[in-house]
Amino acid sequence: MKALLLSDAEFKNDGYNEVTSVLYSFFEGKNIKLDHIETATNELAYCTGCFGCWIKKPGECVMQDKIAQINQMSMNSDVVVYIVPIVFGQFSANMKNVIDRWLPNMLPFFELRKDGMTMHPPRYSDYPSHIMIGYAKGLSDQDEQLFTDINKKHRKNVEVLFWKDSKEKLYKELGSLSLSRKGGEL
Amino acid sequence: MTEKMEEEVRSENCKIGPKGDSESSMNKDSSHVILIDASPKVSEKSVSEWFSDYCRDYWKNESFTVEQINVRKSIKNADLTEVYKRMEKADAYVIIFPLYFFCMPGILTRFLQDYVCFFLEHSEPVRQKKKVYAVVNCGFPEPENNEEAIHVIKSFSEKIQAEFGFGISLGAGPMIYGAKDAPFMKKVFHNIEEALTMIKEDILAGERKPEQQTLKNVYLTANFPRKLYLSFGSKGWIKTAKANQLEKGELYKRPYSK
Ligand SMILES: Cc1cc2nc3c(=O)[nH]c(=O)nc-3n(C[C@H](O)[C@H](O)[C@H](O)COP(=O)(O)O)c2cc1C
């Protein structure tokens with residue numbers, strides 16, 4: 001099995017260091033091979049909404065930078081863990097570039113879901129499990145709820161955890177999650 | 001709690017240089033409103049840019065002044081500190097952007113994240129309370145998709161101690177723009193104008209008193225059969241791909257499959 005950690009080099013505080021150390025030992029304990037890619041400011045271009053990844057070079061971003069490596073490794077992992085600094089209740093800028101440029105991995109078409117909402121169908125038959133671990137000093141309940149809603153209300157196959165100054169708690173929560181690839185709706 | 005978060009942003013992440021000159025605030029008697037268009041689109045006119053122009057035209061005879069800022073161009077060309085200083089002097093912002101993965105696009109996140117740093121570094125003793133409004137448009141027809149993105153702008157407003165007004169959410173944004181002159185759009189535009197009038201009145205009313213009711217977000221979409229909208233959308237992708245010499249089957253490529 002393979003896991004990939006994605007994180008933001010702009011917000012490396014104590015919380016960040018603790019979360020990464022928990023993840024390193026968690027995956028080592030499970031004998032899962034782990035890769036870790038940090039994204040620094042200005043390292044990834046922001047998505048310009050050109051949709052080239054759908055109608056020019058299907059499945060790949062047309063801008064050439066580290067995103068090709070991130071998406072290639074992400075799509076070939078069993079689990080991808082995003083360590084996310086929470087800013088205004090959502091992803092920080094560097095992590096948001098990683099998220100936005102995941103768009104190539106979906107198809108351009110639309111499907112109407114049972115809950116009455118539209119979504120894009122999957123491009124691949126199965127995907128890694130996605131785990132978001134949010135952290136921020138003094139995170140408000142409101143921003144925490146917002147981050148959960150952004151990730152869980154509209155998307156399937158995304159788990160959301162928060163760093164709450166307890167390694168044991170994070171260990172336990174990680175232990176209760178599925179770490180394998182999944183098919184079905186995005 | 002917010003203070004701690006601010007402390008965090010201040011200590012670790014401020015890219016904006018040291019405090020600049022503390023120009024005295026503009027001598028003005030009318031309110032100043034900045035329309036912030038934050039679509040990252042480069043070569044085609046965006047729904048957000050069109051909406052920014054629409055607001056500018058709609059408010060052209062009002063008693064407040066209106067200025068437009070395009071986030072992509074500001075990041076690319078200008079000295080951001082200069083842009084942020086202009087923002088500091090405004091009384092209200094209308095932040096207009098597309099929904100990307102159910103929240104703000106990366107480019108706007110960067111712009112506002114750095115603005116909070118600027119704000120904290122340049123705090124002036126007496127600040128007037130700004131008002132902030134959000135206009136979010138998304139590709140899917142259900143305007144409910146934009147709810148969290150509006151909350152994100154509310155959360156941003158709190159970080160700069162501004163007063164959040166409300167959000168306008170547009171589902172099927174590309175159609176509202178693309179078919180704006182079609183008769184079936186009349187109702188939506190009537191509602192958009194009502195919402196813009198609400199923003200205007202709220203700006204002119206000044207600071208909201210605690211006992212006043214909070215304003216409700218306005219959710220709008222094209223008055224058009226949803227299944228047809230989605231099927232037009234899908235056909236549109238196939239047509240554009242053809243123009244790029246791609247057959248329909250090629251749209252399903254899986255470059256990252258083992
Ligand atoms: C990376 C990316 C993510 C997007 N995410 C969503 C989404 O979560 N929900 C949605 O309805 N539309 C989504 N869209 C579609 C845009 O919101 C839509 O095309 C919008 O009209 C663009 O506005 P603009 O012209 O002002 O840039 C996304 C588009 C891109 C490029």
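The values are calculated or read from the model by the stated rules, or taken from the named source; none is laboratory data. Bear in mind that the values here come from a model prediction, so they are computed numbers and not experimental data. Cβ sites come from the backbone with ideal geometry, for glycine too, and all protein chains shown count toward neighbours. The area values use the complete protein model at the heavy-atom level, side chains included, leaving out ligands, DNA and RNA. Shrake-Rupley method; radii C 1.70, N 1.55, O 1.52, S 1.80 Å.
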Return yes when B:A179 is in contact with a helix residue (DSSP H, G or I) (Cβ under 7 Å, 6 or more places away or on another chain) and not acidic (D, E) and no when it is not.
-> yes
Checking B:I176, B:I199 in turn, the sole residue that is at negative phi, within 13 Å of the ligand (Cβ to nearest atom), away from every other protein chain (no Cβ under 13 Å) and modelled with pLDDT of 95 or more turns out to be B:I176
Is it fair to say B:A243 is within 14 Å of another protein chain (Cβ to nearest Cβ) and modelled with pLDDT of 95 or more?
-> yes
Restricting attention to region A:123-143, which residues are surrounded by 15 or more Cβ atoms within 10 Å (Cβ to Cβ) and within 16 Å of the chain's Cα centre (by Cα)?
-> A:Y127, A:P128, A:S129, A:H130, A:I131, A:M132, A:I133, A:G134, A:Y135
Would you mention how many residues in region A:105-126 are more than 8 Å from every other protein chain (Cβ to nearest Cβ) and either at pLDDT 95 or above or within 21 Å of A:A45 (Cα to Cα) (or both)?
-> 6
Answer yes or no: is there a residue in region A:49-68 that is more than 16 Å from the ligand (Cβ to nearest atom) and open to solvent by less than 20 Å² (accessible area, probe 1.4 Å).
-> no
Any chance A:V62 is of a type outside the set (F, W, Y) and at the interface with another protein chain (Cβ under 9 Å from one of its Cβ atoms) | no
Subset of region B:42-76 [of a type in the set (K, R) and either farther than 23 Å from A:C50 by Cα or away from the ligand (no atom under 12 Å from the Cβ) (or both)] | B:R56, B:K60, B:K73, B:K76
Do we have any residue at all in region B:228-246 that's in contact with a Pro (Cβ under 6 Å, 6 or more places away or on another chain) and farther than 30 Å from B:F164 by Cβ?
-> yes
Give, as residue ranges, the strands (runs of 3 or more DSSP E) completely inside region B:59-141 that count at least 2 residues that are of a type in the set (V, I, T) and open to solvent by less than 10 Å² (accessible area, probe 1.4 Å).
-> B:92-98, B:131-137
Being more than 16 Å from the ligand (Cβ to nearest atom) and outside any helix (DSSP H, G or I) is the filter; apply it to region B:179-196 and report the residue that is farthest from the other protein chains (Cβ to nearest Cβ).
-> B:D181
